[in-house]
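Reviewing the structure listed below.
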Amino acid sequence: MKFLGKVFMPYAMRTINDGVEFISFTLDTGEYVIFQGEENRVSLPMPSGVTSAHTHPGVCLFSGQDLETADFLFIKGYVSVGVMNPECALLIYRDGPYTLEDRDALLNLTKRVKSSKKLNDLVNAYLSFKTENLKLMQHKF
């Protein structure tokens, strides 16, 4: 959270201003890298690392595609995946190994997020997300 608030915050501000998203990775070496994406999206091959976060021009909720990426990163051994804007951040982090049950729950959340037509559906999808080793953490800046 300190990294997001101090280092990554200027990028979140830029995303709010022009819609261009950014993604950061903390690498296995402890170094970090930040890449610029495009308007309302950022995608690239994911490096070997520990954490990842990207900026959103809107709410601090993962899109269905973001959750699919989180699944891929957890399989690669990442510990946390986040999304942020200048007001808040939402992280999914591992509190243990990434098990098949955790993956099933994350993929179920992905389906529910993708099929949500109303804000209430989206909120209920997140509120019902429960796994043994994956946790959600929200932070306000």
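Is it the case that residue 98 is surrounded by 13 or more Cβ atoms within 10 Å (Cβ to Cβ), more than 26 Å from residue 19 (Cβ to Cβ) and either under 11 Å from the mean Cα position of the chain (by Cα) or among the hydrophobic types (A, V, I, L, M, F, W, C) (or both)?
On the way: surrounded by 13 or more Cβ atoms within 10 Å (Cβ to Cβ): yes; more than 26 Å from residue 19 (Cβ to Cβ): yes; either under 11 Å from the mean Cα position of the chain (by Cα) or among the hydrophobic types (A, V, I, L, M, F, W, C) (or both): no.
No.
Please go through segment 83-95 and pick out each residue that is over 12 Å from residue 71 (Cα atoms), under 14 Å from the mean Cα position of the chain (by Cα) and not aliphatic (A, V, I, L, M).
First, the residues of segment 83-95 that are over 12 Å from residue 71 (Cα atoms): 83-91, 95.
Then drop every residue that is not under 14 Å from the mean Cα position of the chain (by Cα), which leaves 83-85, 88-91.
Passing the criteria: 85, 88.
Run down 37, 82, 96 and say which single residue is over 14 Å from residue 136 (Cβ atoms) and outside any loop (DSSP other than H, G, I, E, B). Show your work before the answer.
On the way: 82 fails: over 14 Å from residue 136 (Cβ atoms); 96 fails: outside any loop (DSSP other than H, G, I, E, B).
Being over 14 Å from residue 136 (Cβ atoms) and outside any loop (DSSP other than H, G, I, E, B) holds for just one of 37, 82, 96, which is 37.
Which is assigned to a loop (DSSP other than H, G, I, E, B), open to solvent by 30 Å² or more (accessible area, probe 1.4 Å) and farther than 19 Å from residue 32 by Cα, of 117, 135?
The unique qualifying residue is 117.
Return yes when residue 30 is within 20 Å of residue 137 (Cβ to Cβ), over 12 Å from the mean Cα position of the chain (by Cα), surrounded by fewer than 13 Cβ atoms within 10 Å (Cβ to Cβ) and not hydroxyl-bearing (Ser, Thr, Tyr) and no when it is not. Reasoning before the result, please.
Working: within 20 Å of residue 137 (Cβ to Cβ): no; over 12 Å from the mean Cα position of the chain (by Cα): yes; surrounded by fewer than 13 Cβ atoms within 10 Å (Cβ to Cβ): yes; not hydroxyl-bearing (Ser, Thr, Tyr): yes.
The answer is no for residue 30.
Check 55, 110 and return the single one that is open to solvent by less than 80 Å² (accessible area, probe 1.4 Å), β-branched (Val, Ile, Thr), modelled with pLDDT of 95 or more and within 11 Å of the chain's Cα centre (by Cα).
55
Which of (1) of a type in the set (Asp, Glu); (2) under 20 Å from residue 9 (Cβ atoms); (3) open to solvent by less than 60 Å² (accessible area, probe 1.4 Å) does residue 39 not meet, given it meets every other one?
Exception for residue 39: condition (3).
Checking residue 71 against (1) outside any helix (DSSP H, G or I); (2) under 16 Å from residue 52 (Cα atoms); (3) touching a Ser or Thr at 6+ places or on another chain (Cβ under 9 Å), which test does it fail?
Of everything listed in (1) outside any helix (DSSP H, G or I); (2) under 16 Å from residue 52 (Cα atoms); (3) touching a Ser or Thr at 6+ places or on another chain (Cβ under 9 Å), residue 71 misses just condition (1).
The values are calculated or read from the model by the stated rules, or taken from the named source; none is laboratory data. As the structure is a prediction and not an experimental result, all values here were calculated from the model. Note: ideal-geometry Cβ built from the backbone for every residue, glycine included; neighbour counts use all protein chains shown. Calculation scope for accessible area: heavy atoms of the full protein, side chains included, ligands and nucleic acids excluded. Shrake-Rupley method; radii C 1.70, N 1.55, O 1.52, S 1.80 Å.
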